Amino acid sequence: MFSAKACIELPTPPVYRRPFLGFWEEHPEWAMQKFKQDTIYCLTEPVVAILASADRKKRCLLNSEQARAELAFTSICREFFAIGIVNQQFITGTTLNPRPGILDHAYLEGMKQHRWTDRDIRNYGICRGHIDLVAERMMGYVGWLLTEPEYIRHVDRMREWWLKIPSSLRPVFPLRRPDREAWTQRCRMPRMMYGTSEPVDEFGEACDKFLDRWSLTHLATWDIPVPQGPLLPNLLPITSRAFPRNSIHLSIPPWCPIKGTDNLVSEVQRIQLQAMRDLGIDESGAGLPRHEVYGKLAEMIRLEQTIRSRFDLNSPPPGLMNGIARSAEEALGVSPRQMRKYRTAIGRCQKGERQTVPMLKVTATSKRR
């Protein structure tokens, strides 16, 4: 039912700067300002159109040149199914990334060029349905993490640790579990240069524990965690560094009858709840009965942060909040009233007041035993 991969991986560009050579020439001012940032997320075309259009008070947040630059940047990212760039690399493989659809003509032609048969393409369409179901639930977990105070504090500690490493030796994003052999080789250089491998090797161990604790495969950026999805079956060898350490593992022999009266779902939910308790993580994250709402919170957080990153927040432009509200209505399909509820929910959760948010409360019928 579930696939180990959330999407088909496409080759990354051999040279990062190549797609941006023309961009630098056409939009030098935008490039000079924005490429100073380590991480830049792109805005979708509808959001750019809204930010460049006048509101009721005739205020535009983007001028025509800025809007053209945003659209050009988005076009380049979309070519590689990316949502932005981090440390000169495209951000791909997250739950927020666009996935090619079966009706995407260019992608369909690429399949045929690589000798995909009609049966292969039909099977891909079936898999896409399963992938979308899993992606929705993974998006919910991203939203839960981004509103969980302990996770936010843990990320901040990891970032501080990362900054202590000499810039030439820092692990690059996406931040994954270190390959032990490669990591050992990497640690030889700081030992020669500084007489010690600290904090490089210590960070590698901390990264392992961080990803295991929060059930992540990697960090796409400091802002975007990538959850470990369900594996059924799990074909990874237990010695693999990608083997999920804190997942629920079932061992069912091929001969064992499975019946509807076995109450397997309830038993798995009970084990999930106990696993969260054992890890010392807030129980609201077990099984995520409100994953659809948390998915919307994740999208809201990413949209607002992306828009705000375009402006000097020490002197925000007039109409910024109105522009965010209009963008949320267009991009996420939420009314200004609903957007305010989402922002209130995000703020309360991040303060540790998750239980006071009505839209996240679990009814008696959905409570985990």
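Coordinate-derived values only; no laboratory data. Predicted model, so just to flag it, every value in this text is computed and none were measured. In this analysis, Cβ positions are derived from the backbone assuming ideal geometry, glycine residues included, and neighbour counts consider all displayed protein chains.
Here S240 and F35 are evaluated by their C-beta separation; at R0 = 45 Å the FRET efficiency comes out at 0.80.
Relative to a virtual label point 7 Å from the Cα of Q355 in the Cα→beta-carbon direction, which members of the range 263-299 show backbone nitrogen distances below 14 Å? Answer for the range 263-299: 282-285. Taking a threshold of 31 Å on the Cα-Cα distance, which of the pairs K57/K341; K164/K361; K58/K341; K34/K58 fall above it? Flagged as over cut-off: K164/K361. Between S247 and L313, the modelled labels are 3.5 nm apart [label points 7 Å from Cα along Cα→Cβ]. In plain terms, the chain from W222 to C256 could stretch by 7.9 nm, reckoned as 0.36 nm per residue minus the Cα-Cα distance. Listed from fewest to most Cβ neighbours within 10 Å, the set T95, T306, T117 follows the order T117, T306, T95.
Put a dot 7 Å past the Cα of R213, heading toward its Cβ, do the same for Q88, and the two dots end up 3.2 nm apart. Peptide packing for 312-319, 256-263 was compared via the average number of neighbouring C-beta atoms within 10 Å per residue; ordered from the highest value, the list is 312-319, 256-263.
The alpha-carbon of K296 sits under 18 angstrom from the alpha-carbons of these aspartates and glutamates, leaving out residues fewer than 8 places away in its chain: D132, E136, E148, D223, E304, E329, E330.
For the pair E26 and W161, label points projected 7 Å from Cα toward Cβ lie 4.3 nm apart.
Maximal additional length on extending the R119-E65 stretch stands at 14.8 nm, based on 0.36 nm per residue less the C-alpha distance.
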